[in-house]
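Just so it is clear, none of the values below were taken in a lab; they were calculated from the coordinates. No experiment lies behind these values; they were computed from the predicted model shown. Because the Cβ atoms are built from the backbone with ideal geometry, glycine has one as well, and the counts that use them run over all protein chains shown.
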Ligand SMILES: [Zn+2]
Ligand SMILES: [Zn+2]
């Protein structure tokens with residue numbers, strides 16, 4: 001089962017929902033990725049959890065880094081907002097998906 005999360009900037013108030021996680025053992029996994037240059041975040045589906053996916057940031061073409069599912073809760077508050085570059089981000093679970 002996957003998790004629906006909302007990431008919201010505490011400074012500018014911009015929020016975005018992401019469907020992360022996966023469908024279980026051996027199934028597809030949809031981790032959250034973060035751009036190391038501009039902090040843009042995006043999810044990308046992987047066919048198996050052991051696969052390393054690399055792709056470029058759609059905003060600035062820098063490389064995206066996967067945020068481990070278990071680390072999302074810890075990492076999000078340390079990332080600065082993509083939009084305003086200031087506020088720290090708040091993460092909360094808003095639901096589940098299959
Ligand atoms: Zn912001
Ligand atoms: Zn970027």
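Tabulated values for the structure
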{"read-out": "Rel. contact order, % - alpha carbon contacts under 8 angstrom, at least six apart, the chain", "value": "35 percent"}
{"read-out": "Residue exposure sequence - 19, 55 - by fewest surrounding Cβ within 10 Å", "value": "55, 19"}
{"read-out": "Residue order, fewest to most beta carbons within 10 Å, for 28, 68", "value": "68, 28"}
{"read-out": "Taking 91, 18 and counting other C-beta atoms within 10 Å, the order from fewest to most", "value": "91, 18"}
{"read-out": "Histogram of C-alpha separations across the chain, 10 Å bin width, %", "value": "17, 49, 30, 5"}
{"read-out": "Length released on extending from residue 92 to residue 55, taking residue separation times 0.36 nm less the Cα-Cα span", "value": "10.7 nm"}
{"read-out": "Modelled FRET efficiency - R0 25 Å, residue 46 with residue 4, Cβ distances, 0.05 increments", "value": "0.90"}
{"read-out": "Computed [θ] at 222 nm, deg cm²/dmol, the chain (DSSP H ≥ 4; -39,500 (n - 2.57); rounded to nearest 500)", "value": "-500 deg cm²/dmol"}
